[in-house]
Amino acid sequence: MGLARAWSGSMTPLGSVPEMGRIKGGKTVPARGDGPVIVLETERLLLRRLLPGDLDDRAALYGDPDIRRHFPEGTLTVAETKEELTWFLDGHPEDGRLDLWATIHKESRRFIGRCGLLPWIIDGVPEVEIAYLLAKSHWRRGLGAEVARALVRHGFDRLSLTRLIALIDPENGASIRTAERGGLAFEREVDVDGVRASLYAIAAMASE
Ligand SMILES: CC(C)(COP(=O)(O)OP(=O)(O)OC[C@H]1O[C@@H](n2cnc3c(N)ncnc32)[C@H](O)[C@@H]1OP(=O)(O)O)[C@@H](O)C(=O)NCCC(=O)NCCS
């Protein structure tokens, strides 16, 4: 399937990350100068800002029905993935500190996922979700738990958020366990645009 092709053929080299600028609309502009290209580092992973060249790797993940099984919109086409990538290229348009960053496996230097922080309004209240999605080839090695913990630390320690959530399909046991490994606990069932989800949450004090 597409995943194998992307994995074997299109490693995302960290070296392709521009240091000072990138070309946009034909002119060089400062690389989103309000933060580093590498957003987060864990023992085995780097989370870095997105690049247009991430499209093939990201589309391979989004086209995989196993990976997308618990997402209401299911798999995404390359065109839909491109739309999302463009939307997130400078961080989330509503808050540039939030994003679904490229997730790089440090040892192999491969693009193995997209993980990050996303804004929501749930029951009229602004929330920030920790989001994680990894390549099947790297499941069940503790990477999900590693990134969940790092996202919680990032949200609280560097962004000074006071609460983080995860919105999870109640059938998604892997995601529930991963959220729990990040310190989140079940709070309530919610309706998100007509889709039932379990809301897991953690408050800043609880992570200390
Ligand atoms: C959710 C996801 C990121 C977990 O990544 P992972 O690297 O396999 O997770 P880990 O190896 O760190 O495991 C974390 C916990 O989940 C458990 N777990 C992992 N896969 C599981 C599965 N299929 N069923 C039940 N538990 C599972 C692990 O045993 C571990 O719990 P433990 O420490 O109590 O044993 C990965 O399954 C994934 O990318 N899924 C597809 C995308 C997705 O559904 N994202 C979440 C959307 S809300």
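The values are calculated or read from the model by the stated rules, or taken from the named source; none is laboratory data. All values reported here derive from a predicted model rather than from experimental measurement. Cβ: placed from backbone, ideal geometry, glycine included. Neighbour counts: every protein chain shown.
Laid out as a table, the results:
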| read-out | value |
| --- | --- |
| Output for the stretch 129-154, where each listed residue is out of contact with any helix residue (DSSP H, G or I) (no Cβ under 6 Å at 6 or more places or on another chain) and of a type in the set (Val, Ile, Thr) | Val147 |
| Filter result (under 13 Å from Leu161 (Cβ atoms) and of a type in the set (Phe, Trp, Tyr)) within the stretch 124-141 | none |
| Hey, Arg110 in contact (Cβ under 8 Å) with a residue 24 or more places away in the chain and out of contact with any Ser or Thr (no Cβ under 6 Å at 6 or more places or on another chain) or not | yes |
| Arg153 vs. criteria at pLDDT 95 or above, closer than 24 Å to Ile104 by Cβ and in contact with a Ser or Thr (Cβ under 8 Å, 6 or more places away or on another chain) | yes |
| Odd one out for Gly74 among (1) assigned to a loop (DSSP other than H, G, I, E, B); (2) more than 13 Å from the ligand (Cβ to nearest atom) | (2) |
| Qualifying strands (runs of 3 or more DSSP E) (wholly inside the stretch 101-208; at least 1 residues being buried (at least 16 other Cβ atoms within 10 Å of the Cβ) and within 8 Å of the ligand (Cβ to nearest atom)) | 110-122, 125-134, 163-168 |
| Selection count where residues are on the phi > 0 side of the Ramachandran plot and not small (Gly, Ala, Ser), scope the stretch 51-87 | 0 |
| Long-range neighbours under 7 Å by Cβ, at least six apart or interchain, first residue at pLDDT below 95 within the stretch 27-52, second surrounded by fewer than 13 Cβ atoms within 10 Å (Cβ to Cβ) and of a type in the set (Ser, Thr, Tyr) | Leu51/Ser16 |
| Search result, residues across the stretch 128-167 that are among the hydrophobic types (A, V, I, L, M, F, W, C) and over 20 Å from Ala204 (Cα atoms) | Leu133, Leu134, Ala135, Trp139, Leu143 |
| Those residues of the stretch 51-65 which are touching a helix residue (DSSP H, G or I) at 6+ places or on another chain (Cβ under 6 Å) and not in a helix (DSSP H, G or I), in sequence order | Gly63, Asp64 |
